[in-house]
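Below: one structure, written as structure tokens.
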Amino acid sequence: MTARIGVVTFPGSLDDRDTQRAIRLAGAEPVALWHKDKDLGQVDAVVLPGGFSYGDYLRAGAISRFSPVMESVIEQAKGGLPVLGICNGFQVLTEAHLLPGAMLGNDHLHFICRDQKLRVENATTAWTGDFRSGQEIHIPLKNMDGRYVADEYTLDKLEAEGRVVFRYLDFNPNGSLRDIAGITNEAGNVVGLMPHPEHAVESLIGTGRTDGLPFFTSILKKLVNA
């Protein structure tokens, strides 16, 4: 039976179709989910895609966090449903308190778009099993509010528990504390990151590499072997 991975569309989502394509390329079935619907359609995992949901009014992700679909995502994520938040999706996950910390405006106060080098710090989550710990990858990055912040206690806890999943290498593009590009929850089923793996799944476009595809093959294998 083919794994079904839901992709939520909020008003202002930009990368939902790209994410659906990445899921399809990995061998799973993408399922479109609308922000006003609480029913997740019995999907096996959920992706909150990038974009500028609700125009980033108030704070990035602050309004989307209260969308009807998020009630179900929050409840089921706490029960073990794999959830990946990409860029704006990461912002939504912090606003929903599924991941600790917060996302603030880039320290240079400008939108940034570049190919970004990352190091994989944790290859044991539901979304990173096809990577190796310490592996260096290149993933496109595009954000205005990508600066990850948290208090020292939270940062120390994330480090001690191995919950920093990705770290920026060579250049910190937004001022994120401790060069953090992505984190996970304690259970490892919820992952958020600022770079866009869905833009690095085909050699013809994006970075010219396929470093983003393992995000989607990882969850597929996790679901098939569950």
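The values are calculated or read from the model by the stated rules, or taken from the named source; none is laboratory data. Only a predicted model underlies this, so the values are computations on that prediction, with no experimental measurement involved. Virtual Cβ from ideal backbone geometry, glycine too; neighbours counted across all protein chains shown. With ligands, DNA and RNA removed, areas are computed over all heavy atoms of the protein, side chains included. Shrake-Rupley method; radii C 1.70, N 1.55, O 1.52, S 1.80 Å.
Would you tell me the accessible area of Lys36, worked out with a 1.4 angstrom probe on the heavy atoms of the protein chains, in Å² to the nearest 10? Approximately 130 Å² for this residue. Computed in the context of the full set of protein chains, the accessible area of the range 80-169 at 1.4 Å probe radius has 50% of its extent on carbon or sulfur. The listed residues Leu58, Leu33 rank as Leu58, Leu33 when sorted by accessible area, largest first, using a 1.4 Å probe. Residues Glu152, Glu198, sorted by accessible area with the largest first, give Glu152, Glu198 [1.4 Å probe; ligands and nucleic acids excluded]. A Stokes-Einstein calculation at 10 °C with viscosity 1.306 mPa s, built on the Kirkwood radius of the range 1-108 over Cα pairs, returns a diffusion coefficient of 116 µm²/s. Seen from Ala28, the other residues with C-beta closer than 12 Å to its C-beta sum to a net charge of +3, counting Lys and Arg as +1 and Asp and Glu as -1.
Plugging the Kirkwood radius over Cα pairs into Stokes-Einstein for the chain, at a temperature of 4 °C and a viscosity of 1.567 mPa s, what D comes out in µm²/s? Stokes-Einstein gives a translational diffusion coefficient of 77 µm²/s.
Annotation: the antiparallel percentage among DSSP beta bridges lying fully within the chain is about 55. By definition, a body whose alpha carbon gyration tensor gives a ≥ b ≥ c is oblate when a/c is 1.5 or more and a/b is not larger than b/c, and the range 99-171 fits this oblate description.
Counting lysine pairs in the chain that sit 8 or more residues apart in sequence, or on different chains, and whose Cα atoms lie under 27 Å apart gives 13. Exposure check, 1.4 Å probe, all protein chains in place: Arg178 carries approximately 80 Å² of accessible surface.
Averaged over its residues, the range 2-223 has an accessible area of 41 Å² per residue, based on protein heavy atoms and a 1.4 Å probe. Before anything else, pin down the relative contact order of the chain: Cα pairs under 8 Å, at least 6 apart, normalised by residue count, whole percent. The value is 20 percent. Considering helices alone, the calculated mean residue ellipticity of the chain at 222 nm is -6500 deg cm²/dmol, with DSSP H runs of length four and up weighted by -39500 (n - 2.57) and normalised per residue. Electrostatic bookkeeping for Val149 treats Lys and Arg as +1 and Asp and Glu as -1; over the other residues with beta carbon under 12 Å from its beta carbon, the sum is -2.
Put Tyr54, Tyr153 in order of accessible area, highest first, and with a 1.4 Å probe you get Tyr153, Tyr54. For the range 111-119, putting each phi into the Karplus relation 6.51 cos²θ - 1.76 cosθ + 1.60 with θ = phi - 60° gives couplings of 5, 10, 9, 6, 7, 10, 7, 10, 10 Hz, in residue order, rounded to whole numbers and with x for Gly and Pro. Taking all protein chains together and rolling a 1.4 Å probe, Arg24 ends up with roughly 140 Å² accessible. Simple point charges give the picture: +1 on the Cβ of Lys and Arg, -1 on the Cβ of Asp and Glu, and for the range 2-223 a dipole about the Cα centre of about 300 debye. Taking every DSSP bridge with both residues inside the range 20-154, close to 80 percent are antiparallel.
With the charge dipole of the chain set up from +1 on Lys and Arg Cβ and -1 on Asp and Glu Cβ about the Cα centre, the Cα lying farthest toward the positive end among the listed residues Tyr148, Gly55, Ala102 is that of Gly55.
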